[in-house]
1. Residues of A:207-217, mean number of Cβ from any other protein chain within 10 Å of their own Cβ, rounded to a whole number?
2. With the crude spin-label approximation of a point 7 Å out along Cα→Cβ, what separation in nm comes out for residue B:61 versus residue B:198?
3. Treating the beta-carbon of each Lys and Arg as +1 and of each Asp and Glu as -1, no other charges, what is the dipole magnitude of the protein assembly as shown about its Cα centre, to the nearest 20 debye?
4. Averaged over B:8-21, how many beta carbons belonging to a partner chain fall within 10 Å of each residue's beta carbon?
5. If r is the Cβ-Cβ distance from residue A:79 to residue A:222 and R0 is 60 Å, what FRET efficiency results, to the nearest 0.05?
6. Just the projected area, averaged over all directions, of the convex hull on the alpha carbon atoms of the protein assembly as shown: how many nm²?
7. Taking the convex hull of the alpha carbon atoms in chain A, what volume per residue do you get, in Å³?
8. How far apart are the residue A:198 label points across copies, placing each 7 Å from Cα toward Cβ, in nm, shortest first?
There are 2 protein chains.
Amino acid sequence: MKELVFIGLGLNDEYGITLKGLEEIKTATNVFMETYTSHMPNFNMQNFEKICNKKIQTITRQTLEEENGKQILTAAETDKTILLVPGDPFIATTHVTLRIDAEKLGIHTRIIHGTSIMSAIVSLSGLHNYKFGKTVTIPFPETPAETPYNVITQNKKSGLHTLCLLDLKEPENRYLTINQAFETLQTVEMQKQKKIITQNTIAIGVARAGSNYPLLKADFIKNLDNFDFGAPPYSLILPGDLHFTEVDALIAFADAPVEFKRLFR
Amino acid sequence: MKELVFIGLGLNDEYGITLKGLEEIKTATNVFMETYTSHMPNFNMQNFEKICNKKIQTITRQTLEEENGKQILTAAETDKTILLVPGDPFIATTHVTLRIDAEKLGIHTRIIHGTSIMSAIVSLSGLHNYKFGKTVTIPFPETPAETPYNVITQNKKSGLHTLCLLDLKEPENRYLTINQAFETLQTVEMQKQKKIITQNTIAIGVARAGSNYPLLKADFIKNLDNFDFGAPPYSLILPGDLHFTEVDALIAFADAPVEFKRLFR
């Protein structure tokens, strides 16, 4: 059957996939996997192949982007083919083009969703989902960070939280740290002087969301600067207005200082 | 072990849980499940109990909210206890209080994430994740809908998409339909006259996200008014500025009229 199924691998390791996703793999002829749009720190391919009882072909960014996914599309034109993607398959927009190209070729496409860093970070923090504004990615210091700064500013003006994904370069195993993210934002602050990112700004650093040992720490930036978050991946929340139940959550789940209670009453 | 683990059931049916979630259930003493914060249309409890090889206790909103989750907390104070929640456990903020109460009692809490409607709808649409603003819920007609209208207005002003969750009353099996959501928003439009929700506004209706047969339809509201979306649950996207690749995605995945191409170039 001409079919291309995009399956989300979820977070962290080979057990992040859903039962539904696993069943789909078992009935497919070709199973591809990409590992470059997100980091799954504890993913063990050998064990995953054993769980699926299938041989899985890892594909590179080059195959997918420079060759327009030709290998996958050719496979899907004859038999049921799967592309495994970390997280939820289309939260990184990278694969939307491949899905459009498949549909244009008359290949039926489907999605089996996976857990996403987007909802995981919100869930872990205990902050209210409907109080998050636009999401941003904070880039490595070599790229200007004016856009994230502006998005945070805009969200704060509306009282909204900003979920900041921190950039990563998967092949080089390079991760923007939470401290580097602050530095990058502070550089823009120095130019703009809007007092959006100061030493007394509250932030929530998140390490290893979706793993068995996630770590959250909420505090003023001045106290987070030297905090050891341990191993990657990292993300960051810059909260807008906090409801008192959100403050309670940050104290309970993110070790926020109790003085937060006084600030938000 | 004093432990309370919140596990996301994901979407639609008993196969939406992750392998990790299933493993956790197998080693727990008490397994509770709530089914009122979200609708899983094809969930079969008997089959799920067979998959888990565990007896599962369904709990009501009353047990959780009026009795402050006492039954669950008491169980978790002696043995490993699980609360199964549709979607990702804390996207509905309902259970944050229970988690705080558990931590205050010295009960260790953990989260096993599930797939969430939040990322599923974004994924299905092919729209860019970082272009979504604040999310809203559109209420039943008996409740004023000024807030959702204002959020959509604010998001549009910033060029951002709005993900609208449509209200449901699970025990009564009552779902706000996409047409009712338009009517509700149009009532506010008539008062405010901001031309945010007109016959020529573009919208994307989504039915059964996360199921095997999701349906998306993008069109002007005037053409969606009589469109048959089939069975619930429903959601709605009111897009802001559309990038041409997003238009291509809407044509490929949401049967958008080709004239959209002319509008966004």
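The values are calculated or read from the model by the stated rules, or taken from the named source; none is laboratory data. Model, not experiment: these values are computed from the prediction. Cβ atoms come from the backbone with ideal geometry, glycine included; neighbour counts cover every protein chain shown. Ligands, DNA and RNA are excluded from the accessible area calculation, which covers all protein heavy atoms including side chains. Shrake-Rupley method; radii C 1.70, N 1.55, O 1.52, S 1.80 Å.
1. Values: counts 0, 0, 2, 4, 0, 3, 1, 3, 0, 0, 0.
The per-residue average across the peptide is 1.
2. Each label point lies 7 Å from its Cα, and together they span 3.8 nm.
3. Values: 54 positive and 60 negative charges, 133 e Å.
Approximately 640 debye in magnitude.
4. Values: counts 5, 1, 8, 4, 2, 2, 2, 8, 6, 3, 14, 11, 12, 6.
For this peptide, the per-residue mean of nearby foreign Cβ atoms is 6.
5. Numbers: r = 58 Å, r/R0 = 0.96.
The calculated FRET efficiency here is 0.55.
6. Numbers: hull surface 96.9 nm².
If you wrap the Cα atoms of the protein assembly as shown in a convex hull and average its projections, you get 24.2 nm².
7. Numbers: hull volume 35.8 nm³, N = 265.
Cα-based convex hull of chain A, divided per residue, equals 135 Å³.
8. Counterpart label points of residue A:198 in the remaining copies fall at 4.4 nm.
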